[in-house]
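All remarks here apply to the structure that follows.
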Amino acid sequence: MFLRELTTQTDHLRGAGPATVKALSRIGINSIAALLCHYPRDWEDRSHAVPLADYARYPAVCTVVRVIAHDWFGFGAMKTLKVHVEDESGRAVLVCFNRPFLEHQLTPGVRYRIWGKFYYKYGDIQSTAFEFDPLDNSSPAKGFGHILPVYPLSAGLTQGLLRKLVSNALTQYAKPLEDELPPAIIQRDGLLPKSEAIRAYHFPESMGQLDKARKTLIYEELFYLEVMVGRRAIERRNTAKISRDDQAPAPGSNSSSSSYSPLQQRLLERLPFALTPGQLSAVTEINRDMDGPYPMARLLQGDVGSGKTLVAFLAALRAVEQGGQVAIMAPTELLARQHAENAGRLLEPVGARPAFLTGNIKAAGRTPLLKALAAGDIDIVVGTHALFSRDVVYRNLALVVVDEQHRFGVTQRQAIMAKGDHPDLLMMSATPIPRTLALTVFGDMDVSVIPDLPPGRKPIKTHLAKESNEAKVYDFVRKELAAGHQAYFVYPLIEADINRDLKDAESMADRLGRQVFKGLPVALVHSKLDEEEKRQTMEAFRQGEIRVLVATSVVEVGVDVPNATCMIIEHAERFGLSALHQLRGRVGRGEAQSYCFLVYSDVPPDSPEYTPDGGVRDAGILTEDGKTRLKVMLENTDGFVIAEEDLKLRGPGQIAGIEQSGYLSLGVADPIRDAAELARARTDAFAILEEDPGLLLPENRRIAQVLERAAPFSQVIL
Ligand code: ADP
Ligand code: MG
């Protein structure tokens, strides 16, 4: 029997009454399998005694002491017992708040085992939270001599109860569990058999055994994750591409893959610049994929400003030439519109038929557009989430481009893919996914990297500035504006909030326009404005009619205005690293030297401001994490390095693009911490899949088990 086949309900468990069964059910534990997979969050090592003097080396210790004396402090109902104890290494005081009856249980002269958290106070080593048992008459329930699990709890459950239930479940059911990993791997890595691993993870006999159990469970999880990834890869490779139009160049026909197609050629000829080497190799790889026998699944990573849009456009032209349609999806209307405008400017003249579709295009414009799309009269449609609305039908969707892919959840990416029959997929991101994560989440995708920026770009100069020095920053910007350049000012809030002493975009647009940059056109853009107003503002900024754009992080993704040379982020300590990196990437897109000012609040952390209603005002305090982020931004320009730092600060569950993915359905493993195991699991899983493709056919129990174990990851992996 496999662990997940222990579907026996918890009410069959010895010791589980109706109330307990209900409490378990509330946290999703209905079966024995689920109970055994309710892993401890920590362990208490009560297996051996620690000298009192060493208390500080552990969060809590097990010690053996002799009671020396009792004394009392306080009066009446507040009277509290103090029990003085000692061992060979020193003395301590057990403070028995609300437990006067311990007077009769902790007898002077007698030796006890104590489990407690000790600390130093008023000249004594003290404990107020402790458990005890007579040394010569220990009850097994206290777990002395053992390592006890500490479980995540919820209402109606206690540590004692859960320990008992799990222990019963282990003796009643866990003995005959079958191994889930191939025996060869268990042997090779010295892992534990499944039944032993599960038992030892709950009730280890030693810390060494716990370590082995943990290794086993981690490896199992990563192995199944990689089985899923590997299956996806093989599935994709086994999917023949739908035959596109007759005009499609015969696949593999002599070296067509490395040279440009006629439409691509025409676009390149019209550009005032040449492709960078990085763009060139990305296009070559994409062309090869698109001419290949199975659907492309490629992740294009390139730092902000590296020119990914153009690469996507070239891919689009190839798809169009092969008789297919292209959907280019962007996360914001602003960005989608910018792409649509560029498509109109660059792709229409070479003979492709682009269109723009967002949720804001209402019936009158929408109906004919959808008709044209269904009829195949539109080649390239650029838009937002609207591209996969239910009523949108494509005639022959052959290529899906997802820009800023980390902004989309897996289900959204799947929804757009479902609009075609195994279309090619190109995902683009300027928020580089660290290698370790890329291996898991995008494990079966091919990756192209554009490592270079277009020539002539000067590295952006980044400066930190205290809020109290903002006048100097404004002076600097004034000079840049006088030289004909443009600037962005970004704020964490759209409008003023009386509970938060932070600058907001609305008030600052007013102040910058009327005072600081008096006489220069200043405009405001944020997510609450209507689309038409946003569009006009962005257009005016692009044309240089607006010189200062005040914004929230809506300008974070994709916006491309090369004449803008200053990015001022106020309350920069409030923004996450990936947002800061994206925002900074809005400048440095032309030939002129660009600057980024990270303005941070210099209110010292120990002076909270109190609001009239007694609350503490959010006064833009610079936290340690905030400081670290600013430092990382000051010292790094490489998006990959910044992403790795981000990962260290926030952990994988938080990283952009992963948080929606249910990534944390991994129970014990952490792909960052366990990167080495991940790599091994990947090699193993891929090798097994390749040597024994039978594993893909769910025809016997073991294989069904493998697929079911891996199933949750299908939500994570595209
Ligand atoms: P990102 O990779 O951040 O999406 P974009 O595609 O928005 O970058 O390109 C940034 C800017 O660089 C655009 O103005 C684009 O026209 C320009 N650009 C792209 N490729 C080149 C190139 N090979 N040489 C010069 N400029 C380029
Ligand atoms: Mg872009």
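The values are calculated or read from the model by the stated rules, or taken from the named source; none is laboratory data. Since we're looking at a predicted model, the values are computed, not measured. With ideal geometry, Cβ positions are generated from the backbone for all residues, glycine too; neighbour counts draw on all protein chains shown. Surface areas here come from the heavy atoms of the whole protein model, side chains and all, with no ligands, DNA or RNA. Shrake-Rupley method; radii C 1.70, N 1.55, O 1.52, S 1.80 Å.
Laid out as a table, the results:
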read-out	value
Hey, Val557 crowded, with 21+ Cβ neighbours inside 10 Å and at pLDDT 90 or above or not	no
Matching option when the condition is within 15 Å of ligand 1 (Cβ to nearest atom) and among the small types (Gly, Ala, Ser), among Ala483, Ala592, Ala496	Ala592
Qualifying residue in the range 249-267 (condition: at pLDDT 90 or above, in a helix (DSSP H, G or I), of a type in the set (A, V, I, L, M, F, W, C) and within 16 Å of ligand 1 (Cβ to nearest atom))	yes
So Gly420, is it within 19 Å of Leu347 (Cα to Cα), away from ligand 2 (no atom under 16 Å from the Cβ) and either open to solvent by 10 Å² or more (accessible area, probe 1.4 Å) or of a type in the set (S, T, N, Q) (or both)	no
Enumeration of residues in the range 144-183 that are touching a residue at least 40 places away in the same chain (Cβ under 8 Å), under 15 Å from Asp42 (Cα atoms) and in a loop (DSSP other than H, G, I, E, B)	His146, Tyr151, Pro152
Scan of the range 269-292 for residues that are open to solvent by less than 30 Å² (accessible area, probe 1.4 Å) and small (Gly, Ala, Ser), ordered by number	Gly278, Ala282, Gly292
Residue count for the range 517-539, restricted to those that are surrounded by 19 or more Cβ atoms within 10 Å (Cβ to Cβ) and modelled with pLDDT of 90 or more	7
Leading residue by the ranking (farthest from ligand 1 (Cβ to nearest atom)) among those in the range 447-476 that are part of a loop (DSSP other than H, G, I, E, B) and open to solvent by 50 Å² or more (accessible area, probe 1.4 Å)	Pro459
Subset tally (residues that are closer than 24 Å to Ala53 by Cβ and either among the hydroxyl-bearing types (Ser, Thr, Tyr) or under 48 Å from the mean Cα position of the chain (by Cα) (or both)) for the range 91-103	5
Any hit, the range 386-394, residues being open to solvent by 10 Å² or more (accessible area, probe 1.4 Å), within 16 Å of ligand 1 (Cβ to nearest atom) and either farther than 23 Å from Met445 by Cα or modelled with pLDDT under 95 (or both)	no
Qualifying residue in the range 115-127 (condition: among the hydrophobic types (A, V, I, L, M, F, W, C) and assigned to a strand (DSSP E or B))	yes
Every pair of residues 6+ apart whose Cβ atoms lie under 8 Å, when the first sits in the range 396-410 and is basic (Lys, Arg) while the second is away from ligand 1 (no atom under 13 Å from the Cβ) and not in a loop (DSSP other than H, G, I, E, B)	none
Test set (1) hydrophobic (A, V, I, L, M, F, W, C); (2) more than 21 Å from the chain's Cα centre (by Cα); (3) at pLDDT below 80 - Leu647 fails condition number	(2)
Contacts under 7 angstrom Cβ, first residue in the range 565-581 being within 15 Å of Phe640 (Cα to Cα), partner part of a strand (DSSP E or B), 6 or more apart	Leu580/Ile569
Which listed residue, of Val477, Val548, is within 20 Å of Gln593 (Cβ to Cβ), in contact with a Pro (Cβ under 8 Å, 6 or more places away or on another chain) and not acidic (Asp, Glu)	Val548
Index of the failed condition, Cys62 passing every other in (1) touching a strand residue (DSSP E or B) at 6+ places or on another chain (Cβ under 8 Å); (2) more than 30 Å from Val166 (Cα to Cα); (3) not small (Gly, Ala, Ser)	(2)
Unique residue being assigned to a helix (DSSP H, G or I), touching a strand residue (DSSP E or B) at 6+ places or on another chain (Cβ under 9 Å) and within 16 Å of ligand 1 (Cβ to nearest atom) when the list is Met538, Met508	Met538
Filter result (more than 8 Å from ligand 1 (Cβ to nearest atom), closer than 17 Å to Met427 by Cβ and part of a helix (DSSP H, G or I)) within the range 289-310	Asp289, Met290
Of all residues in the range 325-338 being closer than 21 Å to Val393 by Cα and out of contact with any Leu (no Cβ under 6 Å at 6 or more places or on another chain), the one that is farthest from ligand 2 (Cβ to nearest atom)	Glu333
Residue check, Glu131 open to solvent by 50 Å² or more (accessible area, probe 1.4 Å) and not in a helix (DSSP H, G or I)	yes
Qualifying residues in the range 1-33 (those that are in contact (Cβ under 8 Å) with a residue 40 or more places away in the chain, assigned to a loop (DSSP other than H, G, I, E, B) and farther than 29 Å from Leu181 by Cα) - the one least open to solvent (accessible area, probe 1.4 Å)	Ala16
Output for the range 101-118, where each listed residue is more than 16 Å from Val64 (Cα to Cα) and surrounded by fewer than 13 Cβ atoms within 10 Å (Cβ to Cβ)	Phe101, His104
Filtered residue count, the range 395-417, keeping only those that are modelled with pLDDT under 90, away from ligand 2 (no atom under 16 Å from the Cβ) and not in a helix (DSSP H, G or I)	1
Test: Glu348 is open to solvent by 20 Å² or more (accessible area, probe 1.4 Å) and either away from ligand 1 (no atom under 16 Å from the Cβ) or over 32 Å from the mean Cα position of the chain (by Cα) (or both)	yes
Selected residue [farther than 19 Å from Gly15 by Cα and open to solvent by 50 Å² or more (accessible area, probe 1.4 Å)] from Asp136, Asp87	Asp136
Top-ranked residue in the range 556-589 [being in a strand (DSSP E or B) and not polar (S, T, N, Q); ranked as nearest to ligand 1 (Cβ to nearest atom)]	Ala564
Subset of the range 293-313 [over 12 Å from Asp560 (Cβ atoms), open to solvent by 10 Å² or more (accessible area, probe 1.4 Å) and within 11 Å of ligand 2 (Cβ to nearest atom)]	Asp303
Cβ pairs under 7 Å, 6+ apart, first in the range 79-104 and free of Cβ contacts under 8 Å to residues at least 24 places away in the same chain, second acidic (Asp, Glu)	Leu81/Glu103; Lys82/Asp71
One residue from Ala315, Ala319, Ala364 being part of a helix (DSSP H, G or I), in contact (Cβ under 8 Å) with a residue 60 or more places away in the chain and more than 16 Å from ligand 1 (Cβ to nearest atom)	Ala319
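For (1) closer than 21 Å to Ser429 by Cβ; (2) part of a helix (DSSP H, G or I); (3) within 27 Å of the chain's Cα centre (by Cα), each residue gets a yes or a no:
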position: Pro331; (1), (2), (3): yes, no, yes
position: Asn342; (1), (2), (3): yes, yes, no
position: Ala355; (1), (2), (3): no, no, no
position: Ala374; (1), (2), (3): no, yes, no
